[in-house]
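Asker: Shown below is the structure under consideration.
Every number here is computed from the coordinates shown, using simple stated rules; none is lab data. Keep in mind it's a predicted model, so treat the numbers as computed, not measured. When we count neighbours, we look across all protein chains shown, and the Cβ atoms used for this are built from the backbone with ideal geometry, even at glycine.
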Amino acid sequence: MDEREQANDKELGDLIRKEAIRHAAPAHLRAQIVDALRHQEAPRHHRQSPRNGLRAWWMTGFSFACGALLTWLALPLLPGAGSPDRIDSDIVNAHVRAVMMARAVDVESSDQHTVKPWLSSRLDFSPPVQDLAAEGFPLAGGRLDYVNGRTVAVLVYKRNKHWIDVFVAPAAGKPAGRSASKAVNGFNVIGWTRAGLDFEVISDVGAGELATFADSLQAHIAAGS
Amino acid sequence: MRIAPIRVITDDDLHERNRQFETLALPHLDSAYNLARWLLRDDQAADDVVQEAFLRALRYFASFRGTDVTSARPWLLGIVRNACYAWLHDNRGANATVEFDEEIDGVDFAAGPAADPANPEQLLAAKQQRRSINDAIERLPAPYREVLILREMEELNYEDIARIAGIPAGTVMSRLSRARAMLRTTLAGTQQVGR
């Protein structure tokens, strides 16, 4: 940029700062926000003597522990929500729907630094995003989806004309490790857990190709974190 | 990536967290509102979206890595910006064409230190200049408007703008120069019409 251009830009900037309205937040908005921020903690602020407070904590903790124990004991008996089969079919359905409705991506970008903040700002966790264009799996973007009763991140990759969806969600106490590739309704699915996140890869590309994809994604995530 | 050890969150922790959030986020309320108001071009929408974005920011406060007020600014503005785009997406067409309202928007323009109040002609020219500049910015497409507002009014650096808008720094620069060019063309046009 030459000096004249720089001077012109500076002149325009000065003009904008002088003439354009810098909208200040109205006083009522500031008051509302402060109020809302304080209100958020209000339900937790019961006045209690320290001793009672401690006892209440113990009681609450104990009830939770009992509940958790019962749930943990009963969970394998229930074939419904949360079971691996149910999650698989959720993922297959979500993948098919996304491809059919041509709504594969909410944020279309091959730039991981665009996709990652887009997803992070809409979720309560931050999925690792890596572009695998060098390996022949370019990043197409990301979207939000709903699987097993919670909002999850979906990283979308392309392989020639095929879509590869990577569903990422916080792993609820699952041990780290990778599951074998399996076929569900003609789609190949590979899952693994790493650093508190559950990854499920699904696509109609061949099982071998999908395994290659899963390998390089795992390697990139391991190198990137 | 690392899993934080499990720790019981107490009332004091929550109180401390909210207090810390207020200290870091509230100083940027004007910046947040200015960005939202320029992106949404509507007072009420800017009100709603900024309030929602602040509550969302509080929820994500744990993911904020900085410790000082300065580093909280791009983080918070990024959340506000995304909330604005979500609103625009949900209300497509609602304010796609906001016409410049002389009655409402013209009022602000009268209050400027630039013109000599004794000279009505000069006052009128200053008023017109103000109006055409605000109007021209308002008519820029959102991706250009946002980089221009962040750079020229909020005076943020390229890296911060890139982080807020979720685009590479190179794209920030090219959008900024395109925004300036569009603005110059529009302003040149109105000046000729005015003469």
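Asker: Under the Karplus relation 6.51 cos²θ - 1.76 cosθ + 1.60, θ = phi - 60°, what is the ordered set of whole-Hz ³J(HN,Hα) values for region B:46-59, x standing for Gly and Pro?
Answerer: Result, ordered by residue: 4, 3, 4, 5, 5, 4, 4, 5, 5, 5, 5, 4, 4, 5 Hz.
Asker: Going by amide H atoms built from the backbone, whose H comes under 5 Å of the H on A:ASP198, apart from near neighbours?
Answerer: A:ALA169, A:ALA171
Asker: Looking at the square roots a ≥ b ≥ c of the eigenvalues of the Cα gyration tensor of region A:94-225, which shape do they give, rounded for a/c under 1.5, prolate if a/b is larger than b/c, or oblate?
Answerer: Rounded.
Asker: Can I ask one more? Return the long-range amide H neighbours of A:GLY191 (sequence gap of 5 or more, or a different chain), with a cut-off of under 5 Å between placed amide H atoms.
Answerer: HN-HN under 5 Å from A:GLY191: A:SER179, A:VAL201.
Asker: Separate question: Apply the Karplus curve 6.51 cos²θ - 1.76 cosθ + 1.60, θ = phi - 60°, to the phi angles in region A:142-154 and return the couplings in whole Hz, x for Gly and Pro.
Answerer: x, 8, 9, 9, 10, 9, 6, x, 8, 6, 10, 8, 10
Asker: Also, quick follow-up: Quick one: what are the phi-derived ³J(HN,Hα) couplings along region B:61-68, Karplus 6.51/-1.76/1.60 with θ = phi - 60°, whole Hz, x for glycine and proline?
Answerer: 4, 4, 7, 7, 8, x, 10, 10
Asker: Which aspartates and glutamates, if any, have their Cα less than 14 Å from the Cα of A:LYS161, not counting same-chain residues under 8 positions apart?
Answerer: Candidates past the 8-residue exclusion: A:ASP204, A:GLU209.
Asker: When B:ASP47, A:ASP35 are ordered from fewest to most other Cβ atoms inside 10 Å of their Cβ, what list results?
Answerer: A:ASP35, B:ASP47
Asker: Sorted by mean Cβ packing within 10 Å, highest first, what order do the peptides A:111-119, A:159-167 take?
Answerer: A:111-119, A:159-167
Asker: Please arrange A:LYS10, B:LYS127, A:LYS182 by how many other C-beta atoms lie within 10 Å of their C-beta, fewest to most.
Answerer: Ascending number of Cβ neighbours within 10 Å: A:LYS10, A:LYS182, B:LYS127.
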